[in-house]
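Take a look at the structure set out below.
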Amino acid sequence: MFAIIGGTGMTQLSCLEISHRQIVRTPYGEPSGPLTFGRIKKQEIVFLARHGYGNTIPPHMVNYRANLWALHSLNPTRVVSVASVGGIFADLTPGKIVIPGQIIDHTYGREFTYFENTEKPITHIDFTEPYCGVTRGRIMEAAKLENEKIIDGGVYAATQGPRLETAAEINMLEREGADMVGMTGMPESALAKELGLRYATIAVVANYAAGRGTNKHAIRLEDVHDVLENAMFGVRKILERVVELDGH
Ligand code: HPA
């Protein structure tokens, strides 16, 4: 079973032959919606829309613990998440697809760990490499086979949202080393690591970050929908191929 978490711009997977949906309860509450089961290229997959199927749950309200727990309970081979980001690094223009390699956490007040209220000894997970290298490699390979341009690596800064950043905040994030900015990468990637999941992210640049490119004085949100819709064609092709590669 291959798991996919869809983000903004991907609340459903058109390439998925759906077999059924299942409501799952976890010790951490309910996930963002029922899990959707089906097949891509004959491989079994499970899909979950991070923001709910109606795209109604904002990044700071997502029950990341329940989402990852529900997927983990199915013992998936890999978990690939799709996330939209703002581009900070000059090459990350709207529509580009990038596989982040590192992450910086600026979120707060979220339920961010499974290691609490247990009677077990304190656990510190290693998080030097936040994403699964093999899964990242598979995504790169799939993109190559599909002739889809994709950028290998980059630092994802996770902000709290739901507001977008100020231009000065983007400058600060860039000085820290961030190439892109999004609101959901944390705690999702850390929770995946705590559960030992083989997890990686396909980030889609939805807009220039605040103060960058054509967004010098404001982020034009009108364009975002079309940019994401177009980019998701490529993302779906890559996902189909990743799933196929995983089955061999
Ligand atoms: N900032 C934060 N998160 C985002 C952005 C952004 O500019 N675009 C898409 N997700």
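Any read-out appearing in this document is the output of simple, stated calculations on the displayed coordinates, not a laboratory observation. All figures in this text were calculated on a predicted structure; none of them were measured in a lab. With ideal geometry, Cβ positions are generated from the backbone for all residues, glycine too; neighbour counts draw on all protein chains shown.
Taking the square root of 5 times each eigenvalue of the Cα gyration tensor, what semi-axes in Å does the equivalent ellipsoid of segment 175-228 have, largest first?
After scaling each eigenvalue by five and taking roots: 28, 14, 8 Å.
Among all the lysines, which ones have a C-alpha under 22 Å from Lys216's C-alpha, if same-chain residues fewer than 8 places away are not counted?
Reachable lysines: Lys96.
For Lys42, go through the lysines and keep the ones whose alpha-carbon is under 24 Å away, minus same-chain ones fewer than eight residues off.
Answer for Lys42, where 24 Å is the Cα cut-off: Lys144, Lys237, listed by chain and number.
Pairs of Cα atoms under 8 Å, at least six residues apart: use those to get the relative contact order of segment 2-246, whole percent.
Worked out over segment 2-246, it gives 27 percent.
So what's the gap between the Cα centers of segment 46-77 and segment 204-248, to the nearest angstrom?
Centre-to-centre (Cα) distance: 20 Å.
Does anything in segment 85-115 have its amide N under 19 Å from the 7 Å Cα→Cβ label point of Ser14, and if so which residues?
The answer is 95-97, whose backbone nitrogens lie closer than 19 Å to the label point.
With +1 on the Cβ of every Lys and Arg and -1 on the Cβ of every Asp and Glu, and nothing else charged, how large is the dipole of the chain about its Cα centre, in debye rounded to the nearest 20?
440 debye
So if a site counts as exposed when it's one of the GluC sites (Glu not before Pro), its DSSP state isn't H, G, I, E or B, and it has at most 13 other Cβ atoms within 10 Å, what's the longest stretch of the chain without one?
The answer is 120-248.
To the nearest 500 deg cm²/dmol, what mean residue ellipticity at 222 nm is calculated for the chain from DSSP H runs of n ≥ 4 alone, each contributing -39,500 (n - 2.57), summed and divided by the residues?
Calculated at 222 nm, the ellipticity per residue is -8500 deg cm²/dmol.
Within the P(r) computed for the chain, what percentage of the Cα pairs occupies the region above 29 Å?
24 percent
I'd like the trypsin sites (Lys or Arg not before Pro) in segment 163-226 restricted to DSSP loop residues with at most 14 other Cβ atoms within 10 Å, sorted by number.
Those that pass, being in a loop and sparsely packed, are Arg163, Lys216, Arg220.
For Glu141 and Ile57, compute 0.36 nm times the residue count separating them, minus their Cα-Cα distance, and round to one decimal in nm.
In short, 27.0 nm is gained.
Amide H of Arg78 versus every other amide H placed in the peptide plane: which residues, excluding those fewer than 5 positions away on the same chain, fall under 5 Å?
Ala3
Where in the chain are the DSSP H helices whose alpha-carbon span along the long axis reaches 24 Å or more and whose Kyte-Doolittle mean is at least -0.5?
224-246
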